[in-house]
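Some notes on the structure that comes next.
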Amino acid sequence: MKQVFGTFAAVLIGCIAVILGLALVTALVSTARPSADKDDEQQENISCSPGSGADNIPEEYREFVFAAAEISGFDASIHAAQIDQESSWNPEAVSPRDAKGIAQFLDATWEEFGEGGDVFDPEDAILAQGKYMKWIKDYLSDNGFRDADNMLELTLAGYNAGIGNVVASGGIPNNPETQAYVKKIPALAQTKYKDACLPLDSDNIEFVNSGKWSSPLPGARFSSGYGMRPCPTGNCTPDAMNHQGIDLSTGGGSDVLAPADMEVTFASNKDYWAQWYGTWILGKQIGGEKFVFEFHHCEHGSLKVSKGQKVNAGTPLCTEGNTGNSKGAHLHFQVGKPGSDPTQPTRRNTLDPKPILIAKKVL
């Protein structure tokens with residue numbers, strides 16, 4: 001009987017030891033990299049109120065985060081969400097994989113991007129994060145991913161799994177950690193660190209407002225201004241003479257780009273009443289001034305976006321063409337005043353686009 005009791009006691013003590021050991025390992029992992037194992041329930045319960053997003057970035061690191069965003073070209077909310085996920089804003093964090101600091105750099109990567117700084121210094125580490133994200137994005141653009149429509153996710157995958165794994169996989173590596181990471185960071189950015197808290201749903205999960213501007217037709221010459229002008233075509237109307245936009249031209253075949261973050265509210269291959277627009281697009285600016293944009297005379301069959309799609313500044317919309325009431329390949333670009341109906345043409349409620357583009361430093 002004593003032998004049986006002794007055996008039972010030994011087993012019981014062994015079980016307790018195993019449980020305590022597992023608890024200790026969990027505690028050590030959480031201490032080393034507190035955000036690495038956040039569960040999905042915690043992520044889904046994040047809340048914020050419009051206007052508070054940037055305030056959720058710890059004040060002592062806010063300047064560095066915005067500086068990193070300027071370097072990388074990604075929104076500051078993405079950098080903030082990465083740091084939150086990587087280290088929970090702990091500049092002394094060290095992971096079980098020996099990733100170090102607030103941005104969790106491995107030694108080899110830090111040697112290349114730390115530029116002699118201290119990996120445990122928040123300013124050095126966050127700025128290095130911006131440089132590393134930019135390098136990943138540029139490397140992918142130069143190695144077969146230039147036209148990828150998920151560059152943010154690909155860059156995040158490179159940060160998490162390594163650039164070599166992204167290239168070898170031809171996209172986001174098929175491992176659970178990276179697959180979860182590339183979804184979790186935009187979600188956290190939107191629900192905690194954006195000034196306008198975007199809903200966490202399938203339509204918005206890929207979109208993060210960049211706040212940036214782009215030329216609607218890079219490299220184009222300015223071919224016609226805003227306001228009254230001589231009749232530009234053989235089929236002239238008073239509306240055509242009272243020009244409500246500007247014309248830009250590269251000679252045809254160039255991508256027409258979203259000038260700012262926007263939602264596509266109309267996209268047509270001349271199947272609407274305004275057939276003289278050719279293939280045309282209507283969009284409402286997301287954030288900022290809430291302008292309404294129109295893009296006319298795109299090449300037929302060249303639409304790259306659809307109604308309801310949210311796109312960032314610089315996203316290709318269509319190809320510059322010579323469709324509708326047009327004489328020569330060009331883009332007619334039009335800006336409707338804030339508050340304009342984004343589902344209808346805005347000819348009677350427009351602004352001169354040229355001063356706006358100049359003020360945004362893209363023209």
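Being among the polar types (S, T, N, Q), under 17 Å from Thr155 (Cβ atoms) and either at pLDDT 95 or above or in a helix (DSSP H, G or I) (or both) is a condition met by no residue of the range 88-100. The C-beta contact set for the range 334-363 (first residue closer than 11 Å to Phe293 by Cβ and open to solvent by less than 70 Å² (accessible area, probe 1.4 Å), second residue of a type in the set (Lys, Arg) and not in a loop (DSSP other than H, G, I, E, B), distance under 9 angstrom, 6+ apart or interchain) comprises Gly336/Lys284; Ser340/Lys284; Pro342/Lys284. The test for being in a helix (DSSP H, G or I) and under 22 Å from Gly314 (Cα atoms) holds for Leu152. Restricted to the range 286-318, and to residues there that are assigned to a loop (DSSP other than H, G, I, E, B) and of a type in the set (Lys, Arg), the residue that is nearest to Gln344 (Cα to Cα) is Lys307. Screening the range 307-325 for residues that are surrounded by 20 or more Cβ atoms within 10 Å (Cβ to Cβ) and over 25 Å from the mean Cα position of the chain (by Cα) and picking the one that is farthest from Ser249 (Cα to Cα) gives Asn325. Of all residues assigned to the range 326-333, at least one qualifies as being open to solvent by 40 Å² or more (accessible area, probe 1.4 Å), more than 24 Å from Lys212 (Cβ to Cβ) and either in a loop (DSSP other than H, G, I, E, B) or in contact with an Asp or Glu (Cβ under 6 Å, 6 or more places away or on another chain) (or both).
Selection within the range 113-128: residues that are part of a helix (DSSP H, G or I) and without any contact (Cβ under 8 Å) to a residue 24 or more places away in the chain. The member of this set that is surrounded by the most Cβ atoms within 10 Å (Cβ to Cβ) is Asp124.
Taking each residue of the range 129-154 that is hydroxyl-bearing (Ser, Thr, Tyr) and looking for partners that are at pLDDT 95 or above and in a helix (DSSP H, G or I) with beta-carbon atoms closer than 6 Å, six or more apart or interchain, yields Tyr132/Phe113. Determine, yes or no, whether Asp55 is in a loop (DSSP other than H, G, I, E, B) and either modelled with pLDDT under 95 or touching an Asp or Glu at 6+ places or on another chain (Cβ under 8 Å) (or both). So Asp55 does not fit the description; no.
Applying the set (1) open to solvent by less than 20 Å² (accessible area, probe 1.4 Å); (2) modelled with pLDDT under 95 to Tyr272 leaves exactly one unmet item: (1). The residue pairs whose first member lies in the range 157-178 and is open to solvent by less than 50 Å² (accessible area, probe 1.4 Å), whose second member is not in a helix (DSSP H, G or I), and whose beta carbons are closer than 6 Å, counting only pairs six or more residues apart or on different chains, are Ala157/Ile172; Ala161/Pro173.
Report yes if some residue within the range 138-150 is open to solvent by 30 Å² or more (accessible area, probe 1.4 Å) and on the phi > 0 side of the Ramachandran plot; otherwise report no. Within the range 138-150, one or more residues are open to solvent by 30 Å² or more (accessible area, probe 1.4 Å) and on the phi > 0 side of the Ramachandran plot. Just a yes or no: is a residue in the range 66-87 touching a strand residue (DSSP E or B) at 6+ places or on another chain (Cβ under 9 Å), assigned to a helix (DSSP H, G or I) and free of Cβ contacts under 8 Å to residues at least 60 places away in the same chain? The answer is no, given that none of the residues of the range 66-87 is touching a strand residue (DSSP E or B) at 6+ places or on another chain (Cβ under 9 Å), assigned to a helix (DSSP H, G or I) and free of Cβ contacts under 8 Å to residues at least 60 places away in the same chain.
The values are calculated or read from the model by the stated rules, or taken from the named source; none is laboratory data. None of these values were measured; they are calculated from a predicted model. Positions of Cβ are backbone-derived with ideal geometry, glycine not excepted, and every protein chain shown enters the neighbour counts. Accessible surface areas use protein heavy atoms only, side chains included; no ligands, DNA or RNA. Shrake-Rupley method; radii C 1.70, N 1.55, O 1.52, S 1.80 Å.
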